[in-house]
Amino acid sequence: MDAPGARSLAHTLAWAGDGAAHLRGHMMRMGEDAFAAPSALPGWSRAHVLTHVARNADALINLLDWARTGVRTPAYASREQRDADIEAGARRAPAEIRADVVESSDRLARVVRAMPESAWSARVQNARGGDMPATDIPWLRAREMWIHAVDLDVGASFADLPAPMLVALLTDVARAMGEKPDCPALRLTAPDGSTWDVGDPAAAITVSGPAAGLAAWLLGRSKGRDLRSSEGGRLPAVPRWL
């Protein structure tokens, strides 16, 4: 049996595929006027979020090509080019954005299916320059799909995530946040007794609530009104995840 928070390649491929379908479903139900409306991400419209999702697919295709061929192929040419592409793409007509999201996602799926088994053990660099195994690429896509579906602000929530993925996401984010010097030590506790430590457990503030609420708050997607702190009153301030 896998440990809580464990994620195999089979798991992440399934979560990424299900997440793509989930986000597409919400996108297809959006009216034309909804694309220009603000998303839940400051400064971005829903068109920005969807354009980013499409360009993320292209970026991950680059990393899969790197893993398959051994030829260094960064996710993005540069941060500046990434941002410029998103800004330009967000100005397109809704029909063009919809088609781009679907077609880029399908391209990524084809590249994933064509990956030789041996290529999954290759090492590549993520968009921030961090070293990682190619097996992490589907996990990155799964996170993008499920989280940005919420960011569209059209009805998706963290409660929609498959339960094992939600556990894996909290495990991943708790580890990353624990490495940030400006993040307070936390112990996150769900009603079923599951816990996630952020930083030093001996100095931790306990934050309790549903796993979906914990994830939304820790990732900066909610104010945590469904959560409780061992210190009472307001929840502690946490830095940005990424």
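A compact table of results
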quantity	calculated
Neighbours by Cβ (under 9 Å, 6+ apart or cross-chain): first from segment 103-129, in contact (Cβ under 8 Å) with a residue 12 or more places away in the chain; second outside any helix (DSSP H, G or I) and of a type in the set (K, R)	V124/R72; Q125/R72
Residue match in segment 65-83 (condition: part of a helix (DSSP H, G or I), within 17 Å of the chain's Cα centre (by Cα) and crowded, with 19+ Cβ neighbours inside 10 Å)	no
Test: G155 is of a type outside the set (A, V, I, L, M), farther than 23 Å from S45 by Cα and part of a loop (DSSP other than H, G, I, E, B)	no
Residue that is surrounded by the fewest Cβ atoms within 10 Å (Cβ to Cβ), among those in segment 195-219 that are modelled with pLDDT under 95 and assigned to a helix (DSSP H, G or I)	A202
Residues being assigned to a helix (DSSP H, G or I) and more than 11 Å from the chain's Cα centre (by Cα) - total across segment 136-152	2
Condition met for R228 (out of contact with any His (no Cβ under 8 Å at 6 or more places or on another chain), open to solvent by 60 Å² or more (accessible area, probe 1.4 Å) and within 19 Å of G178 (Cα to Cα))	no
Residue within segment 7-19 that is farther than 17 Å from R91 by Cα and of a type in the set (S, T, Y) present	yes
Check on S157, of a type in the set (S, T, N, Q), surrounded by fewer than 21 Cβ atoms within 10 Å (Cβ to Cβ), over 15 Å from the mean Cα position of the chain (by Cα) and at pLDDT 95 or above	no
Given (1) outside any loop (DSSP other than H, G, I, E, B); (2) buried (at least 19 other Cβ atoms within 10 Å of the Cβ); (3) not aliphatic (A, V, I, L, M), number of the condition S222 does not satisfy	(1)
Selection from segment 170-194 of residues that are under 10 Å from A211 (Cα atoms) and in a helix (DSSP H, G or I)	L170
Count of residues meeting criterion [under 21 Å from M27 (Cα atoms) and of a type in the set (D, E, K, R)] in segment 52-98	8
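The values are calculated or read from the model by the stated rules, or taken from the named source; none is laboratory data. This is a predicted model, so every value here is computed, not measured. Backbone-built Cβ (ideal geometry, glycine too); neighbour counts: all protein chains shown. What goes into the accessible areas is simple: the full protein's heavy atoms, side chains included, and nothing from ligands, DNA or RNA. Shrake-Rupley method; radii C 1.70, N 1.55, O 1.52, S 1.80 Å.
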